[in-house]
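Below you'll find the structure, written out as structure tokens, and then a few comments.
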Amino acid sequence: MAVCARLCGVGPSRGCRRRGAQREQRREGPADSEPDTDAEEERIEGARLGQGEAPASAPAARAPLSLLELPPELLVQIFGSLPGTDLPSLARVCSTFRRILRTDTIWRRRCREEYGVCENLRKLEITGVSCRDVYAKRINPRVKSGRFMKILPDYEHMEYRDVYTCLLHRYRHILGLWQPDIGPYGGLLNVVVDGLFIIGWMYLPPHDPHVDDPMRFKPLFRIHLMERKSATVECMYGHKGPHNGHIQIVKKDEFSTKCNQTDHHRMSGGRQEEFRTWLREEWGRTLEDIFHEHMQELILMKFIYTSQYDNCLTYRRIYLPPSSPADLLNPGLFKGTYGSHGLEIVMLSFHGKKAKGTKITGDPNIPAGQQTVEIDLAHPIQLPDIENLRNFNELSRIVLEVQEQVRREQQQQEEEEGQDEEEGRSRQGDSQQAEPPAQRDDAGAEGTEAAGAAAAQESAPNSQPFVLPVGVISRNEDYPRTCRMCFYGTGLIAGHGFTSPERTPGIFILFDDDRFGFIWLELKSFSLYSRIKVSFQNAEAPSREAFDEMLKNIQSMTT
Ligand SMILES: [Zn+2]
């Protein structure tokens, strides 16, 4: 019996085996065919089994023979240490187990250990309204207290078992990082357990061009138990507080949200007021402040495009990039300047001798999901001294030289691969060939080059002066004036609507552990990137392959 199997870990093995043998004997008996044995029955049974045993010479030394003989508080401890998903089947074993599993401290522990819930239901109950009010304010500070009163859950009858089963376990698949499908614009949504809520926070870059400022965030939805055994989804979009919403988990790694009361998103001042409010939030200024005509157009377009969704969005899961000690810097999420498009979110990841910057948010030129920059770690660039660095033509000459070298190397590699392929074909039938030589060469090259980059990093002076060449435009004048290393790279540029995309040459500049830059040679412009210092939960990729697959998927969405 399952109970007896578990018992081996608790009582002395001798006793356990003995009882196991006894049970084996009466396997055919009617009592065992009914697993839902009552505690009373078990006690009687235990006594009967005892009769057959050797005379108890030292009854004090006798260890408990069954889980059911343990004191209930110990069972609460044991059951509380099991995964919550195992508890329903444990409850089916017998009525005693079922009764013990009604103990809310077991479920409270599961909520805490599996989902990090630290809010105390009982405490909320005691402190009452004010505490709930604080909570509501924390979620939407604009809404005056009182408005939330009638829509907050009745915690008095709330149990952790319901929180676990109807909220946390039910919606566990939406925890983590997501990218909404909003045409070219994308976005970053972080779904977390926050107190007794599950909240979807949309992360927004700081106001342009303050790339070092922290990220901003606003809630798009929340889920909580308004009544026992039934979780309520609320839309948090707009400025009128939470209202009726809906979440559908479409398939693994995809879900969608729907607002059932979009009139809550409308403002009394009409579209004008909605636009002004959006502009203040998104850009931190008024349209009159933005003199640049093209920028005004881009901003208007984004408002018209994104506001039509009314928080009815489909999300796809994204993972944070896996890291390795050999990486040039920690991979992760960065905020970067993108000229008139403002600040965008870019994910930096390492792939052997290449590093990739993938857009998590995008714009009508280069949409979200596309690879904005690619860094060639096998080709470091030695910047000219500070005087010559101001000369754009000199820098351009250096970069174009490397570009030519890279082109030649690629050509050579392709030729070699072609030869290898031919050789491979002529050798077909020679089944003992362990692996294709081309593949082995590649792996070797990758190893040496990575080591080369690491060696260059060690030998290079810790910092060298840096200044942007004259004529290169930067959104941000206070970029770092020293850098550690530079590499050749390419940046993706395209016309409006992602027409005729093209990878153009540029320079990747590593400033420090949290900042890097990219000079777009053809655009004569500079992007500055600064790390997003938020520790996101449930965002780790299950494997390197899963991460690569995710990158490919989000890229194919907008291609
Ligand atoms: Zn809504």
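Using a 1.4 angstrom probe, figure out how much accessible area segment 193-267 has per residue, in square angstrom, rounded to the nearest whole.
Values: 3210 Å² over 75 residues.
With the other protein chains kept in place, segment 193-267 gives 43 Å² per residue.
Write down the radius of gyration of segment 188-319 and its Dmax, each obtained from C-alpha positions, in Å.
16.4, 54
Using a probe of 1.4 angstrom, how much of the accessible area of segment 218-337 is carbon and sulfur, in percent? Could the numbers behind the result be given before it?
On the way: 3020 of 5940 Å².
Whole-percent figure for carbon plus sulfur exposure: 51.
Hey, what's segment 300-430 come to in accessible area per residue, 1.4 Å probe, Å²? Intermediate values should be presented prior to the final figure.
Values: 6080 Å² over 131 residues.
Solvent-accessible surface per residue comes out at 46 Å².
Can you give the Rg to Rh ratio for segment 301-413, taking only C-alpha atoms and Rh from Kirkwood?
Taking Rg over the Kirkwood Rh, I get 1.06.
Go through LYS302/LYS533; LYS359/LYS533; LYS240/LYS356 and tell me which ones have a Cα-Cα distance over 29 Å in this structure. Don't skip to the end; give the middle numbers.
Numbers: LYS302/LYS533 26 Å; LYS359/LYS533 17 Å; LYS240/LYS356 41 Å.
From the list (LYS302/LYS533; LYS359/LYS533; LYS240/LYS356), the Cα-Cα distance tops 29 Å for LYS240/LYS356.
The values are calculated or read from the model by the stated rules, or taken from the named source; none is laboratory data. Note that the structure is a prediction, hence the values are computed from the model and not measured. Note: areas computed on protein heavy atoms with side chains; ligands, DNA, RNA excluded. Shrake-Rupley method; radii C 1.70, N 1.55, O 1.52, S 1.80 Å.
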